[in-house]
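Written out below as structure tokens is the structure these notes cover.
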Amino acid sequence: MIDIADTIAISAMLIAALLLYLFPGFVSYFRRHEASMVIILVNIFLGWTLIVWLLCLVWAYSGPDNSQPVKKSKPIQNNLSDEITKLSELKQKGLITEDEFQQGKEKLLAK
């Protein structure tokens, strides 16, 4: 007779086996692979063969990792105009002279 401990152990092993079987699909989904749905379907229907499972795993890891958003940098012109504006404000407050303003502006434009 099977007791409750055996049932829990068998259930845990079945869940672990299922997660391992579907691992290539999870990898492709969480990496946002372009062919994620195809990888998942091939893995489900043909992954029982070790070779196809390994191919699905390699395929899931191939290509760029799209799970992280790409950070967009500010355009250089905006940074340049901000710097010139800051220099102008310093000149208006009397913290720098006209010559220092012109030199700073020339340095920024030369970059």
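No value in this document is a laboratory result; all are computed from the given coordinates. Treat the numbers as computed from the prediction; the structure is a model and nothing was measured. FYI the Cβ positions are ideal-geometry reconstructions off the backbone, even for glycines, and counts take in every protein chain you see.
Each Lys and Arg adds +1 at its Cβ and each Asp and Glu adds -1 at its Cβ; summed about the Cα centre, the chain shows a dipole of about 360 debye.
Rounded to the nearest 10 degrees, the inclination of helix 4-21 to the longest alpha-carbon principal axis of the chain is 50 degrees.
Axis angle, to the nearest 10 degrees, between helix 36-46 and the longest C-alpha principal axis of the chain: 10 degrees.
Relative contact order (percent) for the chain, with alpha-carbon contacts under 8 angstrom and 6 or more residues of separation? If you can, show how the numbers build up before the last one.
On the way: 73 pairs, mean separation 21.9, N = 111.
Dividing the mean separation by the residue count of the chain yields 20 percent.
Quickly estimate the mean residue ellipticity at 222 nm for the chain, helices only: each DSSP H run with n ≥ 4 gives -39500 (n - 2.57), and the total goes over all residues, rounded to 500. Kindly include the intermediate steps, with their values, before the conclusion.
Working: 6 runs with 80 residues, N = 111.
Computed mean residue ellipticity for the chain: -23000 deg cm²/dmol.
When the P(r) of the chain is calculated, the portion above 26 Å amounts to 57% of the C-alpha pairs.
Specify, per residue and in Å³, the volume enclosed by the convex hull of the alpha carbon atoms belonging to the range 4-61. Mind dumping the intermediate values first?
Numbers: hull volume 4.3 nm³, N = 58.
Considering the Cα atoms of the range 4-61, their hull volume per residue is 75 Å³.
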